[in-house]
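Heads up, the thing below is written out as structure tokens.
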Amino acid sequence: MTRLTRRAALAGTALLPFAAAAPSRAQAKFPDKPIRLIIPWAAGGPADAGFRILAESAAKKLGQPVIVDNKGGAAGVLGALALQDARPDGYTISQMHMSVLRQPMLNASLKYDPIKDLTYILQITGFVMGVVVRPDAPWKTLPELLAYAKANPGKLNWGTLGAGSTQHLAMESLGLQQGLTWTHAPYRGTSDTLRALMGGEIDFASESSGWAPLVMAGKLRLLAVFTANRAKRFPEVPTVQELGLEIAVDSPGGLIGPKGMDPAVVKILADAFREAAGEPKHLEFLDNMDQPLLLLDGPAYQAKMAKTMEQERVLLKKLNLLAT
């Protein structure tokens, strides 16, 4: 090797550490433009309002706007579908919720894998769901309701916002555990379900906390909640688990991105939204909506959803709801 060749080789070797470091310097600039946050619901609803609060706060921490893009319809999976074609650079992210996980099991036409085809960024919150009856109902507790259902097979009718919803599966799981036979009536939304209950069309409802104002006004009675912990506004109401029934449901939601995102970018986003989630304005919103703060980092969130998906696959098959 000539002196000139050796000198060139050494110069090339000396540059290697700087070349390897270049991607890190590029990553350190993230974000250098606005971030698009897809909310797969129509504007104006509770899911939209909470994430708009988060977006506003996270934008200040990231130093770039977080622009909300509402994509309602298709059972809430339009965000996950948009991520299948998005670049995994962190500039397109979406709200994650249980329909994203569940719909491919209910609808064979949805071909994405909810675990493998998405990057899990951060679990943020969940929902309080519970069993409510009219105040004149004979059942003062959930065990009394279940005992009546067992003694009177097929007599009780109950409602949720739809077949395959978390509210529906939670109650069906309880019924399977107890060997109960009853009739589920799906409605178009929580408000419709509660109107049907108050009007006497159904005997009880398994619903998210849209019932809270009615319970506080004495127009409905809350028998139990499905969450692991008691609801903050209803500390006297037991959880289903406290009653000795092996089920806890909090219907967690958070942030996801396209498959293959850089872990450094994921961390930047997760840190910003985690801090935003703890801001007083967001915590006040959660309290008003009876939503618990359930922060969980991306890998743990993904592992939790993978386990939940397999559990729900078994349940959906038992209920003849699993798509073939």
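Angle check, please: helix 166-178 long axis (alpha carbons) against the longest principal axis of the chain (alpha carbons), in degrees 0 to 90, nearest 10.
60 degrees
Considering just Cα atoms, how many Å³ per residue does the convex hull of the stretch 115-192 enclose? Kindly include the intermediate steps, with their values, before the conclusion.
On the way: hull volume 11.2 nm³, N = 78.
Per-residue hull volume (Cα only) is 144 Å³.
Note down the Stokes-Einstein diffusion coefficient of the stretch 181-324 in µm²/s, whole number, using a Kirkwood radius over alpha carbon pairs, 10 °C, and 1.306 mPa s.
On the way: Rh = 18.1 Å.
This corresponds to a translational diffusion coefficient of 88 µm²/s.
Would you mind listing how long the stretch 273-324 runs along its three principal axes, going by Cα atoms, in whole Å with the largest first?
Cα extents, longest axis first: 45, 26, 14 Å.
Tilt of helix 298-318 relative to the longest C-alpha principal axis of the chain, in degrees (0 to 90, nearest 10)?
Rounded to the nearest ten degrees, it is 40.
If the reach is capped at under 19 angstrom between alpha carbons, list the lysines near Lys317, excluding any in the same chain fewer than eight residues apart.
By straight Cα distance, Lys317 reaches Lys111, Lys307.
Using the heavy atoms of the protein chains and a 1.4 angstrom probe, tell me the accessible area per residue for the chain in square angstrom. Spell out each step's value before the answer.
Values: 15380 Å² over 324 residues.
On a per-residue basis, 47 Å².
Towards the positive end of the charge dipole of the chain, with charges on Cβ (+1 Lys, Arg; -1 Asp, Glu), say which of Val132, Leu37, Leu295 has the farthest Cα.
Leu37
For Lys155, list the aspartates and glutamates whose Cα falls under 15 Å from its own Cα; do not include residues on the same chain fewer than 8 positions away.
Filter leaves Glu144, Glu201, Asp203.
Give me the lysines in straight-line cross-link reach of Lys219: C-alpha distance below 20 Å, same-chain residues under 8 apart excluded.
Of all the lysines, those that pass the test against Lys219 - Cα under 20 Å, at least 8 places apart if same chain - are Lys140, Lys232.
What is the gain in length, in nm to one decimal, between Ala228 and Gln311 on full extension, counting 0.36 nm per residue of separation less the C-alpha to C-alpha distance? If you can, show how the numbers build up before the last one.
Details: separation 83, 0.36 × 83 = 29.88 nm, distance 1.72 nm.
Taking Ala228 through Gln311 to full extension adds about 28.2 nm, to one decimal.
Compute, for the stretch 125-257, the length of the dipole vector about the Cα centre, with Cβ point charges of +1 (Lys, Arg) and -1 (Asp, Glu) only. Units Debye, rounded to 20.
Details: 11 positive and 11 negative charges, 55 e Å.
Its charge dipole is roughly 260 debye.
Using just the Cα positions, wrap the stretch 229-294 in a convex hull and report its mean projected area in square nanometres, one decimal place. Kindly include the intermediate steps, with their values, before the conclusion.
On the way: hull surface 24.5 nm².
Taking the Cα atoms of the stretch 229-294, their convex hull projects to 6.1 nm² on average.
Given the DSSP H assignment, sum -39500 (n - 2.57) over each helix run of at least 4 residues in the chain and divide by its residue total; what's the result at 222 nm in deg cm²/dmol, nearest 500?
On the way: 11 runs with 141 residues, N = 324.
So the calculated ellipticity at 222 nm is -13500 deg cm²/dmol.
Could you size up the charge dipole of the chain around its Cα centre, putting +1 on the beta carbon of Lys and Arg and -1 on that of Asp and Glu, and report it in debye to the nearest 20? Can you show the working numbers first?
On the way: 35 positive and 29 negative charges, 228 e Å.
Dipole size: approximately 1100 debye.
Mind running the shape call on the chain? Use the C-alpha gyration tensor, a ≥ b ≥ c as the square roots of the eigenvalues: rounded below 1.5 for a/c, prolate if a/b tops b/c, oblate otherwise. The partial results should precede the final answer.
Details: a/c = 2.81, a/b = 2.21, b/c = 1.27.
Here the chain falls in the prolate category.
For the pair Asp32 and Gln241, what calculated FRET efficiency results from E = 1/(1 + (r/R0)^6), where r is the Cβ-Cβ distance and R0 = 30 Å, to the nearest 0.05? Don't jump to the answer; show the numbers that get you there.
Details: r = 47 Å, r/R0 = 1.56.
Result of the calculation: an efficiency of 0.05.
Taking only the Cα atoms of the stretch 25-92, how large is their convex hull per residue, in Å³?
On the way: hull volume 4.9 nm³, N = 68.
Per residue, the Cα convex hull of the stretch 25-92 comes to 72 Å³.
Applying 1/(1 + (r/R0)^6) with R0 = 41 Å to the Cβ-Cβ distance of Ala264 and Ala217, what FRET efficiency is obtained, to the nearest 0.05? Before the final figure, lay out the partial values.
Numbers: r = 50 Å, r/R0 = 1.22.
According to the calculation, E is roughly 0.25.
Nearest 10 degrees is fine. How inclined is helix 46-62 to the longest principal axis of the chain, computing both from alpha carbons?
Relative to the chain, helix 46-62 is tipped by roughly 20 degrees.
Would you work out which of Leu118, Asn152, Gly76 lies farthest towards the positive end of the dipole of the chain? Charges go on Cβ: Lys and Arg +1, Asp and Glu -1.
Leu118
Nearest 5 percent is fine: what portion of the DSSP beta bridges confined to the chain is antiparallel? Intermediate results must be reported in sequence, preceding the final value.
Working: 20 of 35 bridges.
Around 55 percent antiparallel, to the nearest 5.
Taking the Cα atoms of the stretch 71-132, report the difference between the largest and smallest coordinate on each principal axis, in whole Å and largest first.
44, 28, 22
So, with a 1.4 angstrom probe, what is the percent of accessible area on the stretch 217-276 that is carbon and sulfur?
On the way: 1340 of 2590 Å².
The value for the stretch 217-276 is 52 percent carbon and sulfur by accessible area.
Over the stretch 96-194, what percent of the accessible surface lies on carbon and sulfur atoms, probe 1.4 Å? Could you put the intermediate results ahead of the total?
Values: 1960 of 3720 Å².
Ligands and nucleic acids excluded, carbon and sulfur reach 53 percent.
The values are calculated or read from the model by the stated rules, or taken from the named source; none is laboratory data. Since the model is a prediction, treat every value here as computed from it, not as a measurement. Note that each Cβ is placed from the backbone with ideal geometry, even for glycine, and that neighbours are counted across all protein chains shown. Just so you know, the surface numbers come from the protein's heavy atoms only, side chains and all, with ligands and any DNA or RNA stripped out. Shrake-Rupley method; radii C 1.70, N 1.55, O 1.52, S 1.80 Å.
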